[in-house]
Amino acid sequence: MIGTLIKAEWYKLKHHHIYAILIIGPLLTLLIGMLNPMMGDMGAYHPWLSLFLFMNLPYALLFLPLITGVIACIICRYEHQAGGWKQWATLPVTRTQIYVSKLILIALLVLIIQMIYGLVIFIAGTVKGFDVVFPYWTVGKFIIGGWLATFPMIALQLWAAMHWRSFAVAFTINVVFTLPSILAINSERFGPFYPWAQPFFAMYVDESMSGMLFIPISQMLLVTGGSFIVFLVLGIATFKQKAI
Amino acid sequence: MMTYIVQTTNLTKQFDKYAAVTNVDLKIKEGEIYGFLGPNGAGKSTTIRMLLGLMKPTRGQVTIFNQDLHKHRQTILRQVGSLVENPSYYPHLTAKENLEVLRMVLDVPKARIMEVLEMVRLTHVANKKVKGFSLGMKQRLGIAQALLHQPRLLILDEPTNGLDPEGIIEIRQLIKKLAEQGITIIISSHLLSEIDQIATTIGIIAKGKLIYQDSISAMHALAKNRLGIRTNDVNQTQQIIGGEVEGDVVYCTKYNNRQVATYIAQLVTANIDVYRVEEEKHSLEAIFLQMIEEAEHK
Ligand SMILES: Nc1ncnc2c1ncn2[C@@H]1O[C@H](COP(=O)(O)OP(=O)(O)O)[C@@H](O)[C@H]1O
Ligand SMILES: [Mg+2]
């Protein structure tokens, strides 16, 4: 049933220019990377490492969380517009199935964004003529790690987008939670516990290029996994109680 | 107990302190067109929302197809089609796409989409985005959506709202046709005339309370007209023509033109002064309004 519901949700995204939304984050990151004058001065470093340093930061800290929020808003917007929730909730499916299918679709779309991002950095490095082979393993790890790290945000943003009819309110909540990440990553005590900063940590590559570092994996699982479960359970509970 | 397709017991919904629906016991038999009548704000939509599990009752029970709604919601809803309050649709999708998205979940054959569009006469706009539809077209699309999976029970909440007279007649004919196919239909309205023309059973709700529930013919029986005769002598008048006395008026319920002429002739012969001979029409409308008024002053 969940599979059918996900397909139906995807069908509802017709005429929404969703491909443009999927591609905009990686493209903006590429633009920022290209405009950054420091990119050229990193000769001493591993060329891919300097590329990751400059591009992963704005991508994981800003664009990824913001676009995630936008997708959550879109996926609820058409339900708010003209009684969509009402119609969907009278189908012979449970509210949990409805909620989870939306959550999974958002997660799948974010995974596509991550893969587009991987492709973008590959193309960027190749065009620049890097003489070192593309570090597939490292990139693969931070793409998947970064993706998993967005789960709590997805759960919370879906909850907000479902609850507030207004796109503006849901999106503002998204921004309000996203911006403090910039401060959070500079705080060794607070940063590792801030859910919105997790994609950044998960996509941070240090000189050893072994990916997933900076904070212990167990801690990341605890923060990411813990906040994801809390937001998911609260979101589902709210939706189940909601009078439509 | 086993004979009702929809049955509620003590169905109640409180919004904070405000009781929108109080102890409603609906009893709806299979194959009926159940007219759910009540003024705006009476609690029709709230009741219907609870029948569909869109809203949890504060108290009471809903049984549909002899199954507890709370326990068997999915099984029940698989056989229920509904249109609640304003039509629901995705404005950015076409009429066909709106039906397709439901079809995927309901798992009915693709051909059914054109069938239901045909039934509500929307085939000519099948590929147009619904955001450009008139309210009447959206309303008809809503009915098509409700019919997609060939439900056994159809719940239509004010389906003719916003329709022009022609559209209303069309919907009425469609509903009658569906009822002939054996579908049980609950249709709500705030207009007595609408329910009167279509329903086989009527349930009247006012201020959240179900104040009347019976067959439409029983309701009509309440609406008997009578003839009131006022003279200078009530008692003698009654002796001559029979009937009942109410104040200074004698009422009789059996009267055709010939009888009326005879009564007057008899009264005149008996030297009684006839002041008024009036037919008192207890229209269905008047009875309905009286019921509502009584409910509201309680
Ligand atoms: N979600 C709600 N919160 C508070 N009051 C409500 C809500 N929904 C309906 N009501 C109130 O309950 C009463 C019944 O409403 P409704 O069932 O929509 O009436 P009807 O459909 O018969 O016009 C109205 O007075 C309405 O204002
Ligand atoms: Mg209503």
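Go ahead and set up a Gaussian network model of chain A, Cα springs under 10 Å, then flag whichever of A:THR68, A:THR29, A:THR90 fluctuates most. Between A:THR68, A:THR29, A:THR90, it is A:THR90 that shows the largest mean-square fluctuation.
Our helix-only sum for the protein assembly as shown, with -39,500 (n - 2.57) per DSSP H run of n ≥ 4 divided by its residues, gives a mean residue ellipticity at 222 nm of -16000 deg cm²/dmol.
Please work out the ratio of the alpha-carbon Rg of region B:1-100 to 2.2 N^0.38 Å and round it to two decimals.
Values: Rg = 14.9 Å, N = 100, 2.2 N^0.38 = 12.7 Å.
Region B:1-100 yields a ratio of 1.18.
Computed from point charges on the beta carbon alone (+1 for Lys and Arg, -1 for Asp and Glu), the dipole magnitude for region A:2-241 about its Cα centre is near 1040 Debye. In plain terms, the residue of B:TYR18, A:TYR19, A:TYR194, A:TYR59 with the fewest other Cβ atoms within 10 Å comes first and the most crowded comes last, giving B:TYR18, A:TYR19, A:TYR194, A:TYR59. Helix A:47-58 and the long axis of chain A differ in direction by around 40°, with both axes built from C-alpha atoms. Looking at the calculated P(r) for chain A, what percent of the C-alpha pair distances fall above 29 Å? It works out to 31 percent of all Cα pairs.
Taking every DSSP beta bridge that has both ends in the protein assembly as shown, the antiparallel portion is near 65%.
Please compute the alpha carbon radius of gyration of the protein assembly as shown, then divide it by the globular-protein estimate 2.2 N^0.38 Å. Two decimals is fine.
My calculation over the Cα atoms of the protein assembly as shown gives 1.39.
Distance between the C-alpha centres of region A:165-184 and region A:118-156: 24 Å, rounded to the whole angstrom. Within the listed set A:MET162, A:MET55, A:MET34, the Gaussian network model of chain A (springs between alpha-carbon atoms below 10 Å) gives the highest mean-square fluctuation for A:MET34. Each residue, A:TRP137 and A:LEU108, gets one label point 7 Å from its Cα in the Cβ direction; the gap between the two is 3.2 nm. Taking the longest Cα principal axis of chain A as reference, the axis of helix A:167-178 is set at about 40 degrees. Among the listed pairs A:LYS102/B:LYS13; B:LYS71/B:LYS138; A:LYS7/B:LYS110; A:LYS86/B:LYS56, give every one whose C-alpha distance is greater than 23 Å. The answer is A:LYS102/B:LYS13; B:LYS71/B:LYS138.
With an 8 Å cut-off on Cα pairs and a minimum separation of 6 or more residues, tell me the relative contact order of region A:2-241 in percent. Don't jump to the answer; show the numbers that get you there.
Numbers: 284 pairs, mean separation 64.5, N = 240.
Worked out over region A:2-241, it gives 27 percent.
Placing a pseudo-label 7 Å from each Cα along the Cα-to-Cβ vector at B:GLU166 and A:ILE123 gives an inter-label distance of 5.4 nm. Could you tell me how far the Cα centroid of region B:201-262 sits from the Cα centroid of region A:1-34, in Å? What the calculation gives is 70 Å, centre to centre. Helix A:64-81 and the long axis of chain A differ in direction by around 20°, with both axes built from C-alpha atoms. Towards the positive end of the charge dipole of the protein assembly as shown, with charges on Cβ (+1 Lys, Arg; -1 Asp, Glu), say which of A:ILE116, B:ASN127, A:PHE171 has the farthest Cα. Positive-end residue among those listed: A:ILE116.
Determine the shape class of chain B: with a ≥ b ≥ c the square roots of the Cα gyration tensor eigenvalues, call it rounded for a/c under 1.5, and otherwise prolate if a/b is greater than b/c, oblate otherwise. Could the numbers behind the result be given before it?
Numbers: a/c = 2.94, a/b = 2.10, b/c = 1.40.
Verdict is prolate for chain B.
The numbers here are math on the coordinates, done by the rules we state, and not lab data. Since the structure is predicted, the reported quantities are computational estimates derived from the model, not experimental observations. Backbone-built Cβ (ideal geometry, glycine too); neighbour counts: all protein chains shown.
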